[in-house]
1. Can you confirm whether B:Tyr163 is closer than 30 Å to B:Lys74 by Cβ, modelled with pLDDT under 80 and in a helix (DSSP H, G or I)?
2. Of the numbered conditions (1) over 19 Å from A:Thr73 (Cα atoms); (2) modelled with pLDDT of 95 or more, B:Ser37 satisfies every one except a single condition; which is it?
3. State whether one or more residues within the range B:184-199 are surrounded by 13 or more Cβ atoms within 10 Å (Cβ to Cβ), closer than 22 Å to B:Phe82 by Cβ and at pLDDT below 85.
4. Given the condition more than 27 Å from B:Leu153 (Cβ to Cβ), under 33 Å from the mean Cα position of the chain (by Cα) and without any contact (Cβ under 8 Å) to a residue 60 or more places away in the chain, answer yes or no: does some residue in the range B:4-16 qualify?
5. When you go through (1) in a helix (DSSP H, G or I); (2) at pLDDT 85 or above; (3) within 13 Å of another protein chain (Cβ to nearest Cβ) one by one for B:Lys148, which number turns out not to apply?
6. Of a type in the set (A, V, I, L, M, F, W, C) and closer than 25 Å to A:Tyr50 by Cβ: which single residue out of B:Ile78, B:Ile106 fits that description?
7. Being closer than 15 Å to A:Gly47 by Cα and outside any helix (DSSP H, G or I) is the filter here; which residues of the range B:13-59 pass it?
8. What is the one condition in (1) without any contact (Cβ under 8 Å) to a residue 40 or more places away in the chain; (2) touching a helix residue (DSSP H, G or I) at 6+ places or on another chain (Cβ under 8 Å); (3) under 21 Å from B:Tyr59 (Cβ atoms) that A:Leu14 does not satisfy?
Amino acid sequence: MKTTGLYKGSLESLILQLIGNNSEMYGYELTQKARELSNGNLNITEGTLYPLLHKLEAEGTLESELKPYGNRTRKYYRLTRSGKKAQKVAFENIQEYIQQLQQFLNPKLV
Amino acid sequence: MDKQVSQEEVLALHQFCIRHFVSHYDVRLELVDHLASSIENIWAQDPGVSFQAALEKVYAAYGKTGFRKLMREKELVIENTFNNGIFKVLRSFFSWPQVVCLLVLIVLCGYFFKFFGENNAYTPTIFCIFLLSAVFVFFIATAIFFYKKKKSLTKPLLATNIYFDHLYLFIIDTAIINKILTFVIDGMHTGNYYSPGKYIFTVVLCIISLLTNAAKIKYVRDTFRKAEQNYPMAFK
């Protein structure tokens, strides 16, 4: 089942959820976790992920920290206080969206 | 324990990124970690794969354009961040008491120059030249500030370097200086040194120039402070 296109509009919300649920994450970890949770349907490219992370960081939704890892440096992202609020709002929006989809797809159940 | 990328291989990844037009240190640092993690993921499945073969496989996933899409997207985000940031700083200058005080000052100065302008034709011209000098000095100070900040970097950072390519930021100042000079010269030729329209226009243009330059300095200073904390290796 290919649902890649359906994820696109919710990418920012999904990234916030992932980081919020794991306290802090780095770029590669985010791409792997998204792929794992979506059974391989959500393939976030670097050209999409890093600019989005930078945008969220500039807005003050995320904050980052560089930490040494092995022989290299790794950049970890975590939610700021306003980021946690944004995550909550994003979660509620997705819930509402799912409910509205249910009304379209199966009106008898609602 | 799984096979990890060595120190030499990390350096090779940095060189690889530079060869593929990722010269900015901040972008490179994150990209090198991403490439190294992808290579280690390949090694976790098949430890026999050479570093070079794994890197080629990872890079092939970026398609024909390589890292160019990533760079272009990041540059766009930074440009938008810069423009929004300047606007936010500008907006923070406009609190109600400040705006009211400024308007009162403009009106008082207007009456002052109207009164003196009728008795002494040169007073408004001197005022215009004074404003022009303030705009010019602040414009030069901003340019020197940008230059000094650029010189403090030992490695280019995308988060900071992008501003120096934006010469259009100074177009407002040159247009304002040109407009005020035209007023002064026209006044000298026609003998019409003072008119309320000219006065308001000159003052508004000068305020725009001074505030935008102040916003640019504040925003760039904050960005550099943040960059210095995050990437101390990129500074002298």
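1. Values: closer than 30 Å to B:Lys74 by Cβ: yes; modelled with pLDDT under 80: yes; in a helix (DSSP H, G or I): yes.
The answer is yes for B:Tyr163.
2. Condition not satisfied by B:Ser37: (1).
3. No, the range B:184-199 contains no residue that is surrounded by 13 or more Cβ atoms within 10 Å (Cβ to Cβ), closer than 22 Å to B:Phe82 by Cβ and at pLDDT below 85.
4. No - not one qualifying residue is present in the range B:4-16.
5. (3)
6. Working: B:Ile106 fails: closer than 25 Å to A:Tyr50 by Cβ.
Only one candidate passes the filter, namely B:Ile78.
7. Matches in the range B:13-59: B:His20, B:Phe21, B:Val22.
8. Answer for A:Leu14: the failing condition is (3).
The values are calculated or read from the model by the stated rules, or taken from the named source; none is laboratory data. All values derive from a computational prediction rather than experimental measurement. Cβ: placed from backbone, ideal geometry, glycine included. Neighbour counts: every protein chain shown.
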